[in-house]
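The values are calculated or read from the model by the stated rules, or taken from the named source; none is laboratory data. Here the structure is a predicted model, which means the values were calculated and not measured. So basically every Cβ, Gly included, is an ideal-geometry build from the backbone, and we count neighbours across all protein chains shown.
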Amino acid sequence: MRTLRWLGVAAALMLSGPSVLAEDPIGRISLGGSGGFSTYALGDINGRIQNEGNHFLKDLHQPRLRGLEAIGLGWTFWGDLKLPVPFFESFFLTGGFGVSSGKTESPDMDNYIEVAVRQEAYHLRLLYTLPFRFHENVRLFVGGGPLIITNQEMTATQTNRSVADEEWTEKVVYGGSGMGWQVGIAAEYMLQDHMTLAVDFAYRMADIDHEGWTARENVTLSVSPSAEEEEYERLHLDDTYIGHTFLDWEETLARGADDPLVDVYGPHYEQMVPLTPQDLGIDLTGLQIHLGLRFYFL
């Protein structure tokens, strides 16, 4: 709601009456910073949360816990440098770095569960300045370009605090890198000669391929030692949301079938089988709306 109020203020400024600051910035090179919110596709992850995960919590072992909500909305921040394209007055090239994130969590603090997504990416856009203005202090741009995704990941964490002095935590991380794209429209409202209020509406395509998924690299456990040494670094067989939702649970149990301790404590770290990219895609495709400031110099 706070972001929507700021967007309303921005729209009011852009539609307000003429200003004495009607001239474009003296400088053509600028630095900008902005933030806002994003929507995310996340079909595979949300499907597992609402099916395997919530079914486990509600109907099997944890009936008192409410299910987790789907991840549909998150926050995004970025900064960029904008340069004029030589010999082409109406074109600008912008490049910078941005971070997007979102999460869902359980309401029970004795058995806290969190599923979070995050993207770090460099972006490059070619912008065209539209030849018309609906207000003398406003400039409109359209364009798009590639996203160089350096890190896109999902982290699921479960922490149980129900027994004093025996807190245990299970965590699984899946991630990758790749290429994406974004297209959109941007508007700038003159605040003074060297500063504008910037609003950016974009559509981001970021369904990436994942490489090098292995249990050793993507499944990590942090379990506090208990009185039974054998329990260390094992899933809690009857209580593991992580295991039922974000591991290949049948294959994990099959791998530990000959281990007598699985019936007592749960699968060991080495026995866990992660999901494959075909079973779990991390798709941060969606809309993003930004509000920020741009500073012109030179």
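Here segment 149-197 is the region considered, the condition is being of a type in the set (Val, Ile, Thr) and over 15 Å from the mean Cα position of the chain (by Cα), and the residue that is farthest from Ser34 (Cα to Cα) is Val163. Just one of the numbered conditions (1) modelled with pLDDT under 90; (2) surrounded by fewer than 21 Cβ atoms within 10 Å (Cβ to Cβ) is not true of Leu235: (2).
Each row is one residue, and each column tells you yes or no for (1) in contact with a Pro (Cβ under 8 Å, 6 or more places away or on another chain); (2) surrounded by fewer than 16 Cβ atoms within 10 Å (Cβ to Cβ).
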residue: Arg48; (1), (2): no, no
residue: Phe97; (1), (2): no, yes
residue: Gln119; (1), (2): no, no
residue: Leu124; (1), (2): yes, yes
residue: Phe141; (1), (2): no, no
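Annotation: Asp248 fulfils all but one of (1) modelled with pLDDT under 90; (2) surrounded by fewer than 19 Cβ atoms within 10 Å (Cβ to Cβ); the unmet one is (1).
Out of (1) modelled with pLDDT of 65 or more; (2) in a loop (DSSP other than H, G, I, E, B), what's the single condition that is false for Leu21? The single condition Leu21 does not satisfy is (1).
Close Cβ contacts (under 8 Å, 6 or more residues apart or on different chains) running from residues in segment 31-44 that are without any contact (Cβ under 8 Å) to a residue 40 or more places away in the chain and under 15 Å from Gly286 (Cβ atoms) to residues that are assigned to a strand (DSSP E or B) and not polar (S, T, N, Q) are absent.
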